[in-house]
Amino acid sequence: MYSLLIKNANIIDGSGKARFTADVAVQGDQIVNIAPKIKTPAQITIEADGKVLAPGFIDLQNHSDAYWQIFDNPSLDSLITQGYTTILMGNCGASLAPLLSSQALLAMQKWHNLEGVNINWVSFSEFIEELSKRRFGCNVGSLVGYSTLRRAVVGDQIRGLQKGELEAIGRALKQSLESGAFGLSSGLSYAHEIIVSELELFELAKIIKNYSALFSIHLRNEGDEIIEAIDEALDIAKATGVNLKISHLKIRNQANWHKLPEVLNVIDTAYMQGTDVHFDVYPYDTVWQALYAYLPKWAIEGGRTTMLRHFADPVQKNKVLSFLNNSGVKFSTMYVASTATKLNFSGKTVGQIAKNMESSGEQAVLKLVENGGSEVLVFEQSLNMGQVKEIILHPLSFIGTDGAGFGLKNNNRLVHPRCFGTAAKFLNIAQGAGESLEGAIKKLSSAPAKKAGIKKRGEIKIGNFADLVIFDPAKVKDRATYENPYQFSEGMEYVFVNGKAAVAEGKITGQLPGYVLRKN
Ligand SMILES: [Zn+2]
């Protein structure tokens, strides 16, 4: 007697190989048989009736920790309804462990208000233990964030490392990797990482390489200096042989769009010469980020207190305003997604806010940064959808949400629709562009699993964990919009995590079958 039997499925196994029809039997959390017309009965039998059965999707670029959703919404609804069964958190430099000093957690504050949060771990291994006591809608693993590590040492200061500090950080990284972290992430464009030297990154990359772990880099620049930023990441990978993933690859601002062929060419060339480089991408043309990141480097380099001091000085303030004026960014059409304070500007454009304030768009930006707390997030449409599609279809790309698993409660903030619609939107784009469904599924399953060293997942194979999705490709549809993001994707009829249904007949079951994953 099996625990689960899925009959007459059109199996796309995740490897990229052509589909075939068979039955799949599951015992407990494992796939135990794949064959035509399995006769052994099962506790639960599902007639797939020719629908696609694929491995559950894997998101290497997830922020369910930074947005606090693993605690506030552990069923991770917006992800499981898309077919995600495994996520890797701790991206863009910010992770929830290790917390070597009280300052370490500050790396998270641009995404989530940290007032009143309850923390009872210090090391990465204690964090994993704490997570293991909880239950989740899908499997969760984590990287270590470099901001988290570094801020534990330098606190709120933004400065180079002093003697001994890099060694201390290196030791904490090793300890975390030994406790099951999948690698290290950096967020080089953020205030506390702008200062990070190439030498630091190089030393860290050597450690990551020793543990055969992943280095996930959010580039120092995604616009005017994107080529230099890619070169920096590739130099580190070439010199150390580290396994490199560039996070959410994109080219920002129309003035830079012409750089895409060069960007892809530089990456392709490095790959062909033996560098282990891939990138992830989300299928949207609008970015979601902290508003302060649009300010000039010198203004944010000293941290929030110094930044506010600059605003108070008329000469410095004018310099910031003229920088914003010449930045090529269209602030007036930018949407405010959320603010930490109760300003209630969510859903309004900066243009509308400026009009109410009787000020320029640039002045309104400064006002928002000043009064909205450290967590003002905005939507900016600055990407070219044709280019986004090109990046999506590139052989070295994976699909990453760069989002988090939210429920339907909106808490007066807008979240990026990619949190709800990434996989469905991608599947439609890929099919519309003539990409095979086999190739598209691979980008969501075995390719990211292999990249991050996630074992026994990402492929439908005997002995693998039973992370499975059943869907009709013609019925998959994303519904989330910028104005109304809180809408689940349609089309995933069943989503099994470790052999248990997180979604059944298109509905969330409330079961929390996810495991906490450790590397190795
Ligand atoms: Zn990032």
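How do the helices (runs of 4 or more DSSP H) wholly within segment 46-156 filter down when requiring 2 or more residues that are within 16 Å of the ligand (Cβ to nearest atom) and of a type in the set (S, T, N, Q): which remain?
In segment 46-156, 146-154 are the helices (runs of 4 or more DSSP H) which contain 2 or more residues that are within 16 Å of the ligand (Cβ to nearest atom) and of a type in the set (S, T, N, Q).
Is it the case that Q175 is farther than 17 Å from C92 by Cα, outside any helix (DSSP H, G or I), more than 14 Å from the ligand (Cβ to nearest atom) and touching a residue at least 12 places away in the same chain (Cβ under 8 Å)?
Judged against the criteria, Q175 is not a match.
Here are some residues: S212, S186. Which one is in contact (Cβ under 8 Å) with a residue 60 or more places away in the chain and open to solvent by less than 10 Å² (accessible area, probe 1.4 Å)?
None of the other options fit; the residue is S186.
Just need a number here: residues in segment 61-89 that are under 17 Å from L184 (Cβ atoms) and not aliphatic (A, V, I, L, M).
4
If you check V281, V287, V242, which single one turns out to be on the phi < 0 side of the Ramachandran plot, over 19 Å from the mean Cα position of the chain (by Cα) and buried (at least 19 other Cβ atoms within 10 Å of the Cβ)?
Going through V281, V287, V242 in turn, just one is on the phi < 0 side of the Ramachandran plot, over 19 Å from the mean Cα position of the chain (by Cα) and buried (at least 19 other Cβ atoms within 10 Å of the Cβ): V242.
Would a scan of segment 224-233 turn up a residue that is under 19 Å from A94 (Cα atoms) and either part of a loop (DSSP other than H, G, I, E, B) or open to solvent by less than 30 Å² (accessible area, probe 1.4 Å) (or both)?
Yes, segment 224-233 has at least one match.
Mind checking which residues of segment 234-255 are within 16 Å of the ligand (Cβ to nearest atom) and free of Cβ contacts under 8 Å to residues at least 40 places away in the same chain?
L244, I246
Kindly evaluate S147 against the criterion of being under 27 Å from G453 (Cβ atoms) and modelled with pLDDT under 95.
Yes, satisfied.
Across segment 118-146, which residue is surrounded by the most Cβ atoms within 10 Å (Cβ to Cβ) among those that are hydrophobic (A, V, I, L, M, F, W, C) and out of contact with any helix residue (DSSP H, G or I) (no Cβ under 8 Å at 6 or more places or on another chain)?
Top of the filtered list is L143.
Sort through L199, L173 and tell me the only one that's at pLDDT 95 or above and assigned by TED's automatic domain parsing to the domain that holds A107.
Step by step, each of L199, L173 is checked, and only L173 is at pLDDT 95 or above and assigned by TED's automatic domain parsing to the domain that holds A107.
Scan segment 190-209 and give yes if some residue there is open to solvent by 40 Å² or more (accessible area, probe 1.4 Å), under 14 Å from R150 (Cβ atoms), touching an Asp or Glu at 6+ places or on another chain (Cβ under 9 Å) and part of a loop (DSSP other than H, G, I, E, B), otherwise no.
Yes, because at least one residue in segment 190-209 is open to solvent by 40 Å² or more (accessible area, probe 1.4 Å), under 14 Å from R150 (Cβ atoms), touching an Asp or Glu at 6+ places or on another chain (Cβ under 9 Å) and part of a loop (DSSP other than H, G, I, E, B).
May I ask you to list the residues in segment 368-396 that are more than 25 Å from the chain's Cα centre (by Cα) and surrounded by 18 or more Cβ atoms within 10 Å (Cβ to Cβ)?
Of everything in segment 368-396, just one residue is more than 25 Å from the chain's Cα centre (by Cα) and surrounded by 18 or more Cβ atoms within 10 Å (Cβ to Cβ), namely L368.
What about I38, is it among the β-branched types (V, I, T) and in contact with a Ser or Thr (Cβ under 7 Å, 6 or more places away or on another chain)?
Answer is no for this residue.
The values are calculated or read from the model by the stated rules, or taken from the named source; none is laboratory data. It should be emphasised that the depicted structure is a prediction, and the values quoted were computed from it without experimental measurement. With ideal geometry, Cβ positions are generated from the backbone for all residues, glycine too; neighbour counts draw on all protein chains shown. Just so you know, the surface numbers come from the protein's heavy atoms only, side chains and all, with ligands and any DNA or RNA stripped out. Shrake-Rupley method; radii C 1.70, N 1.55, O 1.52, S 1.80 Å.
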